[in-house]
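In what follows, a structure is listed as structure tokens, so that the remarks can point back to it.
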Amino acid sequence: MTNSQPGLEQNIEKLGGYLARFRQDGIRNHINGETVTAASGETFETRSPVDDSLICSVAKGGAADIDAAAKAAKGAFAEWRDMKASDRKAILHKIADAIEARAEEIALCECWDTGQALRFMSKAALRGAENFRFFADRSPSARDGQSLPSPTLMNISTRVPIGPVGVITPWNTPFMLSTWKIAPALAAGCTVVHKPAEFSPLTARILMEITDEAGLPKGVWNLVNGFGEDAGKRLTEHPDIKAIAFVGESSTGSMIMKQGADTLKRVHFELGGKNPVVVFDDADLDRALDAAVFMIYSLNGERCTSSSRLLVQKTIAQDFQAKLVERVNNIRVGHPLDPATEMGPLIHKVHFDKVVSYFDIAREDGATIAAGGTAPESDGHYVRPTLFTDARPGMRIAQEEIFGPVLTAIQFETEEEALEIANGVDYGLTGYVWTNDISRALRFTGKLEAGMIWVNSENVRHLPTPFGGVKASGIGRDGGDWSFEFYMEQKHVGLALGQHNIPKLGAS
Ligand code: NAD
């Protein structure tokens with residue numbers, strides 16, 4: 001591990017300042033404009049993945065806290081829905097301003113809470129602000145509809161916010177993901193109950209403070225910390241919560257669908273992935289290598305869109321893999337607050353154990369561990385960036401989402417074989433295709449089972465484009481107007497143009 005680059009000590013000192021109030025007061029819930037302890041009085045601990053040290057205590061919300069938050073969100077709904085759109089837009093821009101002003105605090109706290117490297121988290125904080133600006137600007141037109149005249153009626157459509165919604169987020173890049181969900185919900189005119197992941201509660205609290213100071217009316221955004229099986233579950237079952245926007249594991253999505261069935265909950269799921277990066281021998285191999293390495297080892301590989309399967313054409317496989325090994329062994333693993341660090345520790349001991357267990361699974365299945373496959377001695381949850389080669393498509397390392405810095409390389413001979421392997425998993429979130437043959441790119445992307453595909457590129461997010469997956473990777477799309485489609489209902493109104501014939505039943 002590399003550790004002592006300039007900047008690390010200053011960052012640790014600054015972090016200490018930002019954490020002092022959390023250490024003193026803990027993280028409490030925020031319901032109807034009030035900062036409150038859990039109704040039960042219970043708390044849980046959040047610890048840093050860097051050295052397993054205690055960060056602070058966190059309110060352990062349960063059903064009673066969710067009930068109070070849902071009541072507040074219901075009570076605040078009419079005022080927020082009916083507020084002038086220009087006023088709503090102004091508040092959302094103020095939130096973006098405040099995120100930018102506190103970007104350093106957000107980034108440092110996020111790194112300490114999640115183990116993500118600062119080089120990525122400082123950008124993630126600013127992307128959170130961009131999310132608010134993007135949806136703020138679209139807020140005034142969110143209700144716009146169409147006129148669909150018929151011979152007898154002037155038919156108009158409009159969109160109205162669905163009501164109070166629940167937002168349940170995971171621990172990977174929690175700040176950015178929370179803003180990605182909450183910004184469009186607020187812009188649409190919905191009120192929100194947010195249940196952040198129990199492993200990474202810090203920045204959700206900062207976001208709540210920001211929204212409060214920006215003048216969001218009481219009850220419009222409520223924060224309940226706690227565990228999935230009680231707070232999360234109650235949120236998905238609550239009759240006053242009209243929709244659940246969920247980001248997390250596919251198996252949790254399946255549970256939420258069952259939990260929400262009795263109240264006919266509308267759901268939007270962004271779930272797991274086992275995304276292929278397919279490298280054909282005619283590609284720009286240097287760029288393909290850069291992108292393949294970036295898309296699995298950045299963000300500690302704890303990224304739903306990571307390219308966790310490398311499908312490489314046999315003709316170039318040996319050479320490509322040799323270069324890959326060199327790059328993987330060079331990745332700088334270290335303290336997340338060190339500006340030079342490229343990979344930090346994994347979020348939690350539970351997740352560390354899961355990722356490490358795949359080293360043995362790979363060996364047992366007969367794959368080769370070409371790089372990494374070990375965990376350095378440390379109090380933190382560090383693993384070495386890992387590459388499995390000689391893998392076959394049916395192996396567990398080629399099928400299951402490991403969600404760590406672990407790449408499984410599989411070789412293929414033909415385009416047809418590549419497609420079969422790429423599609424031969426339960427997931428379908430993203431795909432990355434590297435070829436300079438435009439016809440092949442069109443053929444391949446047409447048949448690749450994925451919600452988002454990049455050709456000759458890593459994942460470059462553009463907010464107006466649709467984001468989401470197929471198969472076990474999700475239901476629904478975010479981004480652009482698709483976010484509003486989820487948080488709003490279409491409404492049709494037909495106005496008679498004259499005296500058209502109305503059927504007369506019971507008339508003589
Ligand atoms: P997780 O499913 O374990 O937890 C996510 C959230 O759901 C947490 O807040 C948790 O408390 C809550 N939860 C758990 N059980 C619940 C229940 N029964 N009812 C209601 N809520 C419940 O996921 P995680 O481990 O925190 O996150 C990693 C997963 O998220 C990976 O699978 C990753 O691919 C996925 N992810 C997907 C996307 C995407 O856009 N597709 C983005 C980021 C992460």
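Odds and ends about this structure:
- Per-residue Karplus couplings for segment 106-120, computed as 6.51 cos²θ - 1.76 cosθ + 1.60 with θ equal to phi - 60°, are listed in order as 4, 5, 5, 5, 4, 4, 5, 7, 10, x, 6, 6, 4, 4, 8 Hz, Gly and Pro entered as x.
- Largest accessible area first, the listed residues I369, I241 line up as I369, I241 when surface is computed with a 1.4 Å probe on the assembled protein chains.
- In percent, rounded to a whole number, the relative contact order of the chain is 18, using alpha-carbon pairs under 8 Å and six or more apart.
- Summarising the amide proton neighbourhood of T191: residues at separation of 5 or more, or on other chains, whose placed amide H is nearer than 5 Å comprise G163, V165.
- Accessible area (Å², per residue) of the chain, counting only protein heavy atoms and a probe of 1.4 Å: 41 Å²
- Whether the chain is rounded, prolate or oblate, judged on the alpha carbon gyration tensor where a/c under 1.5 counts as rounded: oblate
- For segment 340-397 versus segment 97-119, the inter-centroid distance based on Cα atoms is 27 Å.
- Adding -39500 (n - 2.57) for every DSSP H run of four residues or longer, then dividing by how many residues the chain holds, sets the calculated 222 nm ellipticity at -13000 deg cm²/dmol.
- Chain lengthening between M257 and A322 when straightened (0.36 nm per residue, less Cα-Cα): 19.0 nm
- Sorted largest first, the spans of the alpha carbon positions of segment 141-246 along the three principal axes are 59, 30, 25 Å.
- Contour excess over end-to-end distance, with Cα ends at T465 and F227 and 0.36 nm allotted per residue: 82.5 nm
- Label-to-label distance, nm, for residues given as E9 and S457 (7 Å Cα→Cβ offset): 4.3 nm
- Hits among lysines - C-alpha to C-alpha of K258 under 16 Å, sequence gap 8 or more where chains match: K233, K242
- Near the amide H of M488, within less than 5 Å, lie the amide hydrogens of I162, all on another chain or at least 5 residues away, with H placed in the peptide plane.
- At R0 = 22 Å, FRET efficiency that the Cβ-Cβ distance of R287 and I438 yields, to 0.05: 0.85
- Rounded if a/c under 1.5, otherwise prolate or oblate - segment 36-136, Cα gyration tensor axes: oblate
- The Cα atoms of segment 276-455 cover 51, 34, 30 Å along the three principal axes, with the biggest extent listed first.
The values are calculated or read from the model by the stated rules, or taken from the named source; none is laboratory data. Note that this is a predicted model, so its numbers are computed, not measured. Here Cβ is always computed from backbone atoms with ideal geometry, including for glycine, and neighbour counts include all displayed protein chains. The protein model used for the area step is the full one, side chains on, heavy atoms only, and it has no ligands, DNA or RNA in it. Shrake-Rupley method; radii C 1.70, N 1.55, O 1.52, S 1.80 Å.
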